[in-house]
Every structure is written in C-alpha cells, then in structure tokens.
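These notes are about the structure you will find just below.
The values are calculated or read from the model by the stated rules, or taken from the named source; none is laboratory data. Since the structure is predicted, the reported quantities are computational estimates derived from the model, not experimental observations. Methodologically, a virtual Cβ is constructed for each residue, glycine included, from the backbone with ideal geometry; neighbour enumeration extends over all protein chains shown. Heavy atoms of the whole protein, side chains included, go into the accessibility calculation; ligands, DNA and RNA do not. Shrake-Rupley method; radii C 1.70, N 1.55, O 1.52, S 1.80 Å.
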Amino acid sequence: MNLAILKQLFASFVHTRGFGRHFRRLALLDSLSGTTVSREVPPSLAQTLVAAARSDAAALLERLESHPDGISAVQAERIRERVGLNQVEQEKPLPWWLHLWHCYRTPFDLLLTLLAVISYVTEDMKATIVIGTMVVLSVAIRFWQERKSNIAADQLKAMVRNTATVIRRDPAGNAAPAGSRNFDIQSQPKPAHREELPITQLVPGDVVLLSAGDMIPGDCRILMAKDLFVGQAAMTGESLPVEKFAFQRHAAATNPLELDNIVFMGTNVVSGSASAVVVHTGGRTYFGALAQRVTTTDRAPTQFQAGVNKVAWLLIRFMFVMSPLVLFINGFTKGDWTEAFLFAMSIAVGLTPEMLPMIVTSTLAKGAVILSRQKVIVKRLDAIQNFGAMDVLCTDKTGTLTQDKIFLARHTDVWGEDSDDVLEAAYLNSYYQTGLKNLLDVAVLEHTEVHRELNPATNFRKVDEIPFDFQRRRMSVVVAEHEEHHILICKGAVEEILAVCERVRHGEIDEPLTPELLARVRAVTADLNEDGLRVVAVASRELPPLQETYGVADEAGLTLVGYVAFLDPPKESTEPALQALAAHGVKVKVLTGDNELVTAKICREVGLAAESVLLGADVERMGDAELARAVETHDVFARLTPAHKDRIVHLLKGNGHVVGFMGDGINDAPALRTADIGISVDTAVDIAKEAADIILLEKSLMVLEEGVIQGRKTFANMLKYIKMTASSNFGNVFSVLVASAFIPFLPMLPMHLLVQNLLYDFSQVAIPFDNVDAELVEDPQRWNPADIGRFMLFFGPVSSVFDITTYLVMWFVFGANTPEHQTLFQSGWFVEGLMTQTLVVHMIRTRKVPFIQSRPGTPLLIATGLIMAIGIFIPMGPVAHYFKLQALPWQYFPILAVILTGYMILTQRMKSFYTRRFGWQ
C-alpha cells in the first residue's frame, strides 16, 4: 500500500479529546534515572522506552501485568479507566464566538468601535452608521472566509475506522503468569482469542499482531518478528523502511528512534509480520509527546500580524496628536467648544483608515479564492501576505521534495557500468520469491519490459527458495532454465553477499575475487552510497540439475554479478518550483531527518547546492549565537530531530527573515507552527495539517510560486491603500490646521468631512481587484512603518499646497470670506478635496506614469470615476441643501481643472524624487 495512503489512514484515529495525565510509571524507570536520552520528549518517556527495549520480554510483560496471550477484556477495561482512551490530544478548533472575537480584536477595529460609540453619544448617527458598517463588514468577511477554509480542512480529516488485531485472554484460562518459572514466550498459548478492536480501545499491556499495511496502534515492544520492515518517514524523515527485530542489537542506544525492537504510534508496517506488546498509548506515546508540543504552545505573532500592528499604531498615534491640535485651535479661535469638539471628532474619524480592516480582509480573501482554484486551502488568511513576504522557505525532503516512493535508480555491474544482465538476475529473484515483497522488490518488478524479454513462464521454472533472514541478510531463489541447468540467484546486503562470493563477473568472464578486486568492489559500492543510493548486491551460481531442494549451505562459491541501487526520487515539479522561487528572491533550505548522503543526492538532482551539510549532532552542539550564524551559511540540514527543525526556523526568524516551512510528517509539526507560514499537503498526518496555514491538495509544488505572487500582489494592494490614506489624511489635517488658524469659520463642517471620507473610502473598495506592476512581485515585501511615515510626510503636503490654493481662490476670486458665505467656501473645498483624494488613488498606486505606463484595474477605474461624479453632483444637485452645501459657479470648474492638473504634475515629480532617494515599495 502506498505510504501516503497509509499516512492518511493514520489520521483516522487522531481525535480532539485530550488525554489523561494519570499514567502508571513502570518500576523499570528507577534503574535508568541517570541515562542520557533524547530531548524530543519528556525524559521519563524516553527512559521508559529505552528500558522496555533493554528488558527481557518476560520481565517486561510481568511489569505490564500482561502475558504472551495478552490481557483479558476485564483487565483492559480497568486499565482504560485509569489511562483513558488511546487518542492523541489535538489542537482544538476555536468555537465560533471565540473565532469571531479573534477576527474583531485588531487595533483599528477596536479604535473604530470607540469612535462609533463616541459618535453615538454625541448623537452623530451618520458617523455611527458609517463607522459601524465598516467594522461589521471587515469582521464578517474575515470570519466567513476563515470559517469556510477551516471547514474544508476538517473535511480532509474525515474519519476512517481503524482497527488493530489484539490477542485477548479468556478470564477463565489458567495461563501461567508471565513471571513464573515455566514462562516461555515460545510456549503454546493458553485459552485466548483474537479480536479486531478500534485502536482507541487499546491499553498498555495489550498484545497486538502486526502485518503489512497495519498502523502501529501505540508505542510497542516487539515480542516476535519475521521480515518486519516499518515505515517511519512521518516520524523521522527516513525515506526507506527500517528493519525491526525482537531484540535490541545495540545496548548503548539511548535515542528512542534508534531502538531496534520498539515501534511507534503513527508509523506503519510495510512488510513482514510481528507480535508486540503495547507499552504506551495516547498522549504518553512518542507521537503524543510531539503533538503536545504543538497543541500546547501559543503561536507567536507572524510577520504580517506584527507589521499590521506597527502600522496601525503609527497611524493611531498620529491621530491622537493631530485631533487635539484641531480641537484647541478651533476652540480658541472660534469660541464654540462644542462645535470644535465635533469637528475634532470628525478629524479623528477622517484620520483613521477605517476601511483598512475591510481592505486587508477582502484583499486576503480574494487571494484565498484565487489559490483555491489552484487546489490550495488557506486556513489562515494572514498566511497569504506572509507568502509574499517570505524570503526563506525551509522544507522537509521526504514526501515534499521527493515522491515518498522507492524507485530502482541504477543496475550496474561490478565496475559500476550499467548492466541489463544484473537487472534480469534481480528481476528473477524478486519475481520468484514467495510471501510479501518489500518495497525494493516492488521497485524491481515495476520494470515490466524485463518480464517481456525474459518471459519467465516459458523460459524458467522455479526450483526452490532460500528465504531471507536477518542473520544472513540475503535471500536466494533457484530457477531452471529450459531444464538444462539450475541457476541460484542471491541478492542482499553487500557485505553478506561478498562473504559467500569467490568470483566476480567481468563482461563474459568470471575472475577470482582477489583482495585488489575486493577493494575495487567496495570503492564502487561506496560511491553509490555517497550518491544517496541504497545498494543491494546480486550474485549467482550455475548448478547441475541434480537436486530439487536447496539450503543455506548452497549459498557458497557464488559469482558477484553486480548491484541494484534504489532511491526515493524527487517529484517532477520540484526543480522548476525551486527555480521559480529562487527567481522571486526566496531562498530554499532543506531540513530533514534523513541521512546526509541521501539528502545531498536529492538536493543535487533538484539544483540545490549541497557542498556543506549541517548535521543534527552539530546543531545539538552549537549555542544559539553560533547556530544563528550557521543557518545563514548552510542550505542543507540532515539527521535533524523535530526540536532541531523548530530551533532552526526560530533562529532564522530571529535573524530577520520571514520563514516558510513545508512538511508533512509528525516530525515537522513544531516547525510548521513556529514558521511565519506553515505549508503542508493533504496526505500529511493530521498533526501536520493542524499546524499548517496552507494545505496543498495536489502534489505539484508549482503552486508555491503562484502563492508567492498572490501574496505579493495582496501586499502591494494593501500598501496602496495605507499610503493613499496616510498621505491624503495628513495633507487634509495640515490644510485644516492652516484654515482653522486664519479663517473666521470652520473650513468644512463635521458632516462634510464624514461624507467626503465615506466617498473616498468607497472609491478604494476596488483596490483588491487592482492590477499590480510586475516589478512589485519580483522581490519579497514586508511592512515598514518607518517608510510609511516618511511617505506620509513627503506626499501629504503636496495635496495641502493645492488645498491652500483652493482656499485663496474661494476667498479672493469668489468672495467667500465671511461667515455668511462660508457655505460657498465649504462647497469649493469639498469638491476639490474629494477630487484630489480620489486622484491620489491613481497617482500613488504605481511609481510609473498612471494611465499610460500602468493601467489600473477596471473595477478601480469605475469606482473612482463614479465617486468623482457623485462628489460634483452633491453640491450641484437637489440634495445640496441637505448636506449644507450650495451650487458652485461655472467659473469654478476651469480653475478646478488647472488645480487638479498641477496636483498631478507635482505628485508625479515627487514620486520620481522619492523613488530615486528611497526606492518604491
């Protein structure tokens, strides 16, 4: 069964309910209190697993109050009451009301709510309705989009009922206790029976039977094993299955993942069979401990969240400075403090970019919709902008860069030259072996062209088979070719094959295996290993057709034919995707738990430099300062634990990078959560998908480039709004201050400011649909509050120049210089102010010449044109008296055209100067 499918099946038993903390500790721990163990999990858990691996099977069963025949249902129920169900704590989805609160609690939304309340108290219902509408729309769009994405992500985790084969002892049976003198693990079982039970029902002490395709239901100690290979890619990143035994070969091993007779929850049986006793279940498993690191750690603010907050507080501080100034100047010069207060409140509303939450949310939502067409689920909208800001992408290897499937990469003779004879011999060996075929055999048998050429059904007959065992580490088949002679074909580990070889094949000639040839053989296999390939040797021997039964003794005097070498190859989309990311300024770093040789090979194949690989042992040894420097100079990291990956991502963020992480295994979950943007795939384990912000529904990595581009377009459009609003508002306030100081009446009524601000805001509703210049998506982009403040100071006064020009025209040309004529003055500035504010949308959306070198999106063009028309209609139409405005003389409009033309020219000149001096983001 495909490993990706097996991983998805495992997701079926991961639930959201927490796991109890009341576990009985094994007495075996006391003897290992001084042991150095893995840092990945609590020391007590690692020590328990090491103790279980080193312990005699009978002693372990006795401590678990179990038996080779398992435990009874009554015992299981008692234990389950104490330890709980066998399920792992998972990050719980937020209830809808808490999710709604998280969508609302932004600085701008809270400030706007405060302004709405003040407007309501002062009986300014128009302002209350306008501000309240902005808040409701902003929060509703974000809540709806994120809710929809989370529901889609939850549908990926649809439960598939998963069971385990458990041996349950009859309570009436009189089986000898595990600790008695007559105990023998190989003895005949006492009254017992097999049951298929849901994995959630298993408890420590249960004895389970494992076979190919089974998920490991808990952390288990192997009691008996036959040809057992376990896939641990999701846990460790190793692309090839790992052999497991009923004994521990290396007594000094202290890392749980290096134990030969321990299998872990979340892994799967690839081939072979075994019986095992469950040592830990649920949250106390190795998998459970890693899951708790993800679910109990609060997410740090991402780069997007931190940037938005900084910009928000910059504008809020500006508002808190300017509004009191307007209040006191108008209060002292006009003497009407009530009117001055209402005017200052209008200024506060005008200065607050109340559309920012809505613009940000709708822009992000538009990006999510576009990515959904690429079969990408966006769980958190903020992740889209982080996509655009990302300048470092850390990625796991197995299952993300590679296909998570073993392929036959090379078939060579003894000298390292490609040889079809070697492939044919390996094919016959794999074809005729009985029982379950491992992944290496499957990879060989996929060469169907060899089957057609050999036609084994016609040309060969199987005579006998010498099965594989872990002492010999090889297996043989004997075939008869046209009944003329027998051929013994043996394949296995290189050293074990060499031990039974006397000759090597050189072309058509067999030569004696001299020490010189042996050295050359080892050099060739070492070169293959350095290429990251798993090498299997193939040898043969011709025998007379005198016998039909063969044994291990016949594996002697063989001739070494050559080697077959295997690899988990990269996906076809990996190299072009990585090239596209590099072209957009995204540095890719590989973080994997696999060995350095395999990792370097894959990196070379996809075009990543792998001259220097930093190993997990080096990471463990380095302090934070040293490692922070090392992560900048290395692009490939191997033999990493989950904690190592998490630490590397954390330090890259500390170095000022916006970091993405892509992974699909249990061992990737902590780093996925720490990164600014976590990316996973739909075949990932459940914990990885929970920690991710983005889930890819297709295996093609080319969607990453699309995500980066959409993220940068999203950021560019958000930044347009902030720049337009900040500079325009600053110019308006500056103009108000000048007018308030020298004009004996209010330059504009509070109602005028609110209507003008509302119309201006609606002209920018189409910004999410605006075109973005190509150069703005070439490089990573991020929030820079200092640049926004500087931009505001440079471009704000430009509009003030023409506002003051309008004051002078209305004062001297049209005689609007007394309180009796203030309506005419206010009408003139209302129209000019709205025109310049709307034009600034087009002037600042690009550093190029607007309409000529850079065309706006059609929705934006329509929206701004419509608002400009409405702005002229209000004072000139029948509703003018309602807004306390009046019709303007026709002579005003030619002068207005000149003022607007001058504004556009001066703004374009300022853009050129600003771009040369500071650049354009």
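Scanning the stretch 575-595 turns up no residue that is touching a helix residue (DSSP H, G or I) at 6+ places or on another chain (Cβ under 8 Å), of a type in the set (Gly, Ala, Ser) and at pLDDT 90 or above.
Return yes when Ile852 is on the phi < 0 side of the Ramachandran plot, open to solvent by less than 10 Å² (accessible area, probe 1.4 Å) and within 44 Å of the chain's Cα centre (by Cα) and no when it is not.
Answer is no for this residue.
Residues that are modelled with pLDDT of 80 or more and open to solvent by 20 Å² or more (accessible area, probe 1.4 Å) within the stretch 227-248 comprise Phe229, Val242, Glu243, Ala246, Phe247, Gln248, listed in sequence order.
Give me a count of the residues in the stretch 769-814 that are assigned to a helix (DSSP H, G or I), touching a Pro at 6+ places or on another chain (Cβ under 9 Å) and within 17 Å of Gln385 (Cα to Cα). Result for the stretch 769-814: 1.
The residue of the stretch 249-268 that is surrounded by the most Cβ atoms within 10 Å (Cβ to Cβ), among those that are in contact with a strand residue (DSSP E or B) (Cβ under 8 Å, 6 or more places away or on another chain) and at pLDDT 85 or above, is Met265. Kindly indicate whether any position in the stretch 728-740 is under 21 Å from Ser854 (Cβ atoms) and of a type outside the set (Phe, Trp, Tyr). Yes, that holds for at least one residue. Assuming Ala786 fulfils every condition listed in (1) touching a helix residue (DSSP H, G or I) at 6+ places or on another chain (Cβ under 6 Å); (2) open to solvent by 60 Å² or more (accessible area, probe 1.4 Å) apart from one, which condition is it? Checking Ala786 against (1) touching a helix residue (DSSP H, G or I) at 6+ places or on another chain (Cβ under 6 Å); (2) open to solvent by 60 Å² or more (accessible area, probe 1.4 Å), the one that fails is (1). Restricting the first member to the stretch 241-257 and to residues that are touching a residue at least 40 places away in the same chain (Cβ under 8 Å), and the second to residues that are among the basic types (Lys, Arg), the beta-carbon pairs closer than 7 Å and six or more apart or on different chains are Gln248/Arg54; Ala251/Arg54. Within the stretch 796-809, is even one residue under 49 Å from the mean Cα position of the chain (by Cα), among the hydroxyl-bearing types (Ser, Thr, Tyr), more than 16 Å from Gly871 (Cβ to Cβ) and open to solvent by less than 40 Å² (accessible area, probe 1.4 Å)? Yes, the stretch 796-809 contains a residue that is under 49 Å from the mean Cα position of the chain (by Cα), among the hydroxyl-bearing types (Ser, Thr, Tyr), more than 16 Å from Gly871 (Cβ to Cβ) and open to solvent by less than 40 Å² (accessible area, probe 1.4 Å). Return the only residue of Val278, Val326 being closer than 30 Å to Glu243 by Cα and either among the β-branched types (Val, Ile, Thr) or at pLDDT 80 or above (or both). Just a single option satisfies the conditions, and that option is Val278. Residues of the stretch 605-643 that are free of Cβ contacts under 8 Å to residues at least 40 places away in the same chain, part of a helix (DSSP H, G or I) and open to solvent by less than 30 Å² (accessible area, probe 1.4 Å): Gly616, Val619, Leu627, Ala628, Ala630.
Table: residues versus (1) hydroxyl-bearing (Ser, Thr, Tyr); (2) touching a residue at least 24 places away in the same chain (Cβ under 8 Å).
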residue: Glu832; (1), (2): no, yes
residue: Thr838; (1), (2): yes, yes
residue: Val849; (1), (2): no, yes
residue: Gly857; (1), (2): no, yes
residue: Gly877; (1), (2): no, no
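Selection within the stretch 468-508: residues that are more than 16 Å from Val521 (Cα to Cα) and not in a strand (DSSP E or B). The member of this set that is modelled with the highest pLDDT is Glu508.
Take the conditions modelled with pLDDT of 75 or more and either over 44 Å from the mean Cα position of the chain (by Cα) or in a helix (DSSP H, G or I) (or both) and apply them to Phe318. Does it pass?
Details: modelled with pLDDT of 75 or more: yes; either over 44 Å from the mean Cα position of the chain (by Cα) or in a helix (DSSP H, G or I) (or both): yes.
Yes, satisfied.
In the stretch 737-750, the residues that are within 15 Å of Val809 (Cβ to Cβ) form Cβ pairs under 8 Å with partners that are among the polar types (S, T, N, Q) and not in a loop (DSSP other than H, G, I, E, B), at six or more places apart or across chains, as follows: Val738/Ser800; Pro747/Ser735; Pro747/Ser740; Pro747/Gln826.
Yes/no matrix, rows are residues, columns are (1) touching a Gly at 6+ places or on another chain (Cβ under 8 Å); (2) in contact (Cβ under 8 Å) with a residue 40 or more places away in the chain; (3) not in a helix (DSSP H, G or I):
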| residue | (1), (2), (3) |
| --- | --- |
| His411 | yes, yes, yes |
| Gly416 | no, yes, yes |
| Leu428 | no, yes, no |
| Asp441 | no, no, no |
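The set of residues in the stretch 567-580 that are touching a strand residue (DSSP E or B) at 6+ places or on another chain (Cβ under 6 Å) and either open to solvent by 10 Å² or more (accessible area, probe 1.4 Å) or assigned to a strand (DSSP E or B) (or both) comprises Leu567, Pro569, Pro570, Leu578.
Does Arg461 count as basic (Lys, Arg), surrounded by fewer than 16 Cβ atoms within 10 Å (Cβ to Cβ) and more than 30 Å from Phe245 (Cα to Cα)?
It is true that Arg461 is basic (Lys, Arg), surrounded by fewer than 16 Cβ atoms within 10 Å (Cβ to Cβ) and more than 30 Å from Phe245 (Cα to Cα).
Yes/no matrix, rows are residues, columns are (1) of a type outside the set (S, T, N, Q); (2) within 30 Å of Leu210 (Cα to Cα):
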position: Ser419; (1), (2): no, no
position: Glu424; (1), (2): yes, no
position: Asn429; (1), (2): no, yes
position: Val442; (1), (2): yes, yes
position: Lys462; (1), (2): yes, yes
position: Arg473; (1), (2): yes, yes
position: Val479; (1), (2): yes, no
position: His486; (1), (2): yes, no
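Every residue, every condition in (1) among the basic types (Lys, Arg); (2) open to solvent by 40 Å² or more (accessible area, probe 1.4 Å); (3) within 24 Å of Pro467 (Cβ to Cβ), yes or no:
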site	(1), (2), (3)
Pro515	no, yes, no
Arg522	yes, yes, no
Asp527	no, yes, no
Glu548	no, yes, yes
Ala582	no, yes, no
Ala600	no, no, no
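Identify the residue in the stretch 831-854 that is in contact with a helix residue (DSSP H, G or I) (Cβ under 8 Å, 6 or more places away or on another chain) and not in a helix (DSSP H, G or I) and, among all such residues, is farthest from Ile905 (Cα to Cα). Filtering the stretch 831-854 for residues that are in contact with a helix residue (DSSP H, G or I) (Cβ under 8 Å, 6 or more places away or on another chain) and not in a helix (DSSP H, G or I), the one farthest from Ile905 (Cα to Cα) comes out as Arg845. I'd like to check something: does the stretch 904-920 contain any residue that is surrounded by 12 or more Cβ atoms within 10 Å (Cβ to Cβ) and in contact with an Asp or Glu (Cβ under 6 Å, 6 or more places away or on another chain)? Scanning the stretch 904-920, I find no residue that is surrounded by 12 or more Cβ atoms within 10 Å (Cβ to Cβ) and in contact with an Asp or Glu (Cβ under 6 Å, 6 or more places away or on another chain), so the answer is no. Looking only at residues of the stretch 281-315 that are assigned to a loop (DSSP other than H, G, I, E, B) and open to solvent by less than 10 Å² (accessible area, probe 1.4 Å), we find that the one that is modelled with the lowest pLDDT is Thr285.
Is it fair to say Glu465 is not in a strand (DSSP E or B) and not hydrophobic (A, V, I, L, M, F, W, C)?
On the way: not in a strand (DSSP E or B): no; not hydrophobic (A, V, I, L, M, F, W, C): yes.
No: the conditions fail for Glu465.
Of all residues in the stretch 884-903, none that is free of Cβ contacts under 8 Å to residues at least 40 places away in the same chain has its Cβ atom under 9 Å from the Cβ atom of a residue that is hydroxyl-bearing (Ser, Thr, Tyr) and assigned to a helix (DSSP H, G or I), 6 or more apart or on another chain.
Among the residues of the stretch 757-768, those that are surrounded by fewer than 24 Cβ atoms within 10 Å (Cβ to Cβ) and either touching a Leu at 6+ places or on another chain (Cβ under 7 Å) or assigned to a loop (DSSP other than H, G, I, E, B) (or both) comprise Leu759, Val765, Ala766.
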